[in-house]
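This report concerns only the one structure given below.
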Amino acid sequence: WALSLLPYATDSLAISGILPVNLAFDNAGDAVYRDRPFEGSVATSGLPLSIVRVSGEPIGNVDGFITADMKITNTLDAPRVAGSFGLRDGAISMPTYGIEYSDVLASLSIRDSVLTLDTLQAMREKGSLTASGTLHFEKDLLTGVIRTTQFDLLANSFQVVKHKNYQVSISGDAELTGNSAEPRFAGNVTILRSSFYLPALMEEAASAQAMADQSTPMLVRATMPPDTLADTTGGPLVVGPGETDTTTVDWFDNLRGEFKVVIPRNTWLRSPDMNLEIGEGDLDLVKNGPDFELFGP
């Protein structure tokens, strides 16, 4: 197959490849040969992100140019992925949440079982947010089982949100390490400036809770089986010595770490009857179990 998309004269997207199949009407087996060589490629030097823009709220505007040079080869049972994917001259605006980032730049490279985030950058006014890191998968990219992780994030006077009801500006760093079974996080962040209009936040929280309660009928929730680590026979899953049953790994439940939040001052809680500054506090956001816990003065 070969497909070309040319939204503008200077930009194009090309997708091509080969796939061995058996289209005989009397074929009793699989129509696709999973053990025979196949290949596919995606290439573009600057496809406008606007053609895949998500319309409506909450995303108001997404701009930029997608770059890609990806290839997947070998067989369907043992695919090999290699290439690069990126975004340049990006911008994202979500007015509902007070998000407006410019100069968004991203660069990803893939080689078999290793995914590398070479660059991730976003700017807002004079602040910046940058990140880089590597994911090393157990066998290949498509298995989803992570062997090692190393991601680093750095914020420099970055205004995360700026809304009439809340705004937050931070500096700090964070890292994510470990694997699928034992992910860990750490970092430090300083809340440089922030303010929260409490009546609006309480109204939003009440509205979100009401929508969540209505999404699943009470009778359905009452009859849903609990989540268990049981097989189809109802017995517990048995894993051999030194093995990890990756089909039941819950990344978030296994996540552990400690994150320090420093509030020097200039953090305000506001309402029609209150204008309260809080600060001069060091808080530790800790996760040593299924839930996050907050400690400190």
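The values are calculated or read from the model by the stated rules, or taken from the named source; none is laboratory data. Please read all numbers here as calculations on a predicted model, not as lab measurements. Glycine also receives a Cβ, built like all others from the backbone with ideal geometry; neighbour counts cover every protein chain displayed. Heavy atoms of the whole protein, side chains included, go into the accessibility calculation; ligands, DNA and RNA do not. Shrake-Rupley method; radii C 1.70, N 1.55, O 1.52, S 1.80 Å.
Look through region 186-201, keep the residues that are surrounded by fewer than 16 Cβ atoms within 10 Å (Cβ to Cβ) and within 25 Å of Thr116 (Cα to Cα), and return whichever of them is farthest from the chain's Cα centre (by Cα).
Among residues in region 186-201 that are surrounded by fewer than 16 Cβ atoms within 10 Å (Cβ to Cβ) and within 25 Å of Thr116 (Cα to Cα), the one farthest from the chain's Cα centre (by Cα) is Asn188.
Cβ-Cβ below 6 Å, separation at least six or inter-chain, first residue in region 195-208 and under 18 Å from Lys162 (Cα atoms), second open to solvent by 50 Å² or more (accessible area, probe 1.4 Å) and hydrophobic (A, V, I, L, M, F, W, C): which pairs?
Short answer, once both residue conditions are applied: Ser195/Trp268.
Taking the stated definitions as given, is Thr233 surrounded by 10 or more Cβ atoms within 10 Å (Cβ to Cβ) and either at pLDDT 65 or above or on the phi < 0 side of the Ramachandran plot (or both)?
So Thr233 does not fit the description; no.
Taking region 70-94 as the search range and keeping residues that are open to solvent by less than 40 Å² (accessible area, probe 1.4 Å) and among the β-branched types (Val, Ile, Thr), which one is nearest to Arg124 (Cα to Cα)?
Among those that are open to solvent by less than 40 Å² (accessible area, probe 1.4 Å) and among the β-branched types (Val, Ile, Thr), it is Val81.
Checking the structure you have, find out if any residue of region 66-76 is more than 27 Å from Leu5 (Cα to Cα) and out of contact with any Gly (no Cβ under 7 Å at 6 or more places or on another chain).
Checked region 66-76: no residue is more than 27 Å from Leu5 (Cα to Cα) and out of contact with any Gly (no Cβ under 7 Å at 6 or more places or on another chain).
For region 202-214: of the residues being hydrophobic (A, V, I, L, M, F, W, C) and open to solvent by 50 Å² or more (accessible area, probe 1.4 Å), which is nearest to Trp251 (Cα to Cα)?
Filtering first and then ranking leaves Ala212.
Any idea how many residues of region 263-297 are of a type in the set (Gly, Ala, Ser) and either loosely packed, with under 11 Cβ neighbours inside 10 Å or farther than 25 Å from Ala200 by Cβ (or both)?
Count: 2.
I'd like the full set of residues that are of a type outside the set (S, T, N, Q), part of a loop (DSSP other than H, G, I, E, B) and modelled with pLDDT under 70, limited to region 29-65.
The answer is Gly29, Arg53, Val54, Gly56, Glu57, Pro58, Ile59, Gly60.
When both residues are 6+ apart or on different chains and their Cβ atoms are under 7 Å apart, which pairs have a first residue that lies in region 272-285 and is closer than 18 Å to Leu192 by Cβ and modelled with pLDDT of 90 or more, and a second that is charged (D, E, K, R) and in a loop (DSSP other than H, G, I, E, B)?
Glu277/Arg265
Residue check, Lys260 against (1) farther than 22 Å from Pro183 by Cβ; (2) open to solvent by 40 Å² or more (accessible area, probe 1.4 Å), all met but one. Which one?
For Lys260, the exception is condition (1).
Within region 155-185, can you find the residues that are modelled with pLDDT under 95, over 22 Å from Ile92 (Cβ atoms) and surrounded by fewer than 16 Cβ atoms within 10 Å (Cβ to Cβ)?
Ala181, Glu182
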